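J.: My questions will all concern the structure given below.
What follows draws every value from the coordinates through simple rules; no lab data is involved. Because the structure is predicted, anything quoted here is derived from the model rather than measured. Positions of Cβ are backbone-derived with ideal geometry, glycine not excepted, and every protein chain shown enters the neighbour counts.
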């Protein structure tokens, strides 16, 4: 369904329960606008924290060792078990602070200890492609999240965004198009198959 950002913010606020930590997932294919939506939700909910799944990308040196560098972004190029372990710690809310990694797009590498999640943070939003994948360690993610929203977007707009993003971070226009229409689209197909498992499928007004 088509909704406004204000409507999604209100739904996120209603998730918050005094004295309890809630976890909200935002998923969708590459270029859907997950990180933008997640950041807007966190900014609108007092005390909320954003923990991106992309912080669990394997480092390029490890992807090269595994022979997966040219598929960076595929499900098996992440430390999925590490992501699950982090979500369990975050959900328990029994440590003074839990540090999560982030992903630096300028470096194209994960950076450990970048995101502090303090005890008592009422809402933790995590966003990423594979929150609803039901395979291997990924299959444990869904049960750790109170709600998961699937963000849909027109394919042409999504691909345009991806090409622009890749160019902005150093790819040539030709390489950016090849990556967006190749690797990114293969990953998008994996994500699209998880759509029925979402609590809410949304398309932002104007998107």
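J.: Using Cβ contacts closer than 10 Å as the measure, can you line up 7, 127 from fewest to most?
T.: 7, 127
J.: So between residue 1 and residue 201, what do we pick up on full extension, going 0.36 nm a residue minus the alpha carbon distance?
T.: Answer, rounded to one decimal: 71.3 nm.
J.: Taking the simple approach of a point 7 Å from Cα along Cα-to-Cβ for both residue 146 and residue 81, what is their distance in nm?
T.: In this crude label model, residue 146 to residue 81 measures out at 3.0 nm.
J.: Volume per residue, Å³, of the convex hull around the alpha-carbon atoms of region 1-108?
T.: It is 131 Å³ per residue.
J.: Rounded to the nearest 10 degrees, what's the angle between the helix 155-168 long axis and the longest principal axis of the chain, both from Cα atoms, 0 to 90?
T.: The answer is roughly 80 degrees.
J.: Label points 7 Å out from Cα along the Cβ direction at residue 190 and residue 92: separation in nm?
T.: 2.8
J.: How big is the Kirkwood radius of region 64-120, worked out from every pair of different alpha carbons and given in Å to one decimal?
T.: 12.9
J.: Helix 34-44: angle to the longest alpha-carbon principal axis of the chain, degrees 0 to 90, nearest 10?
T.: Around 30 degrees separate the two axes.
J.: Something else: By how many degrees, 0 to 90 and rounded to 10, does the Cα axis of helix 183-192 deviate from the longest principal axis of the chain?
T.: The answer is roughly 40 degrees.
J.: Nearest-5 percent of antiparallel DSSP beta bridges in the chain?
T.: Just about 35 percent of them are antiparallel.
J.: Another question about this same structure. Taking a ≥ b ≥ c as the square roots of the eigenvalues of the Cα gyration tensor of the chain, is the shape rounded (a/c under 1.5), prolate (a/b larger than b/c) or oblate?
T.: Here the chain falls in the oblate category.
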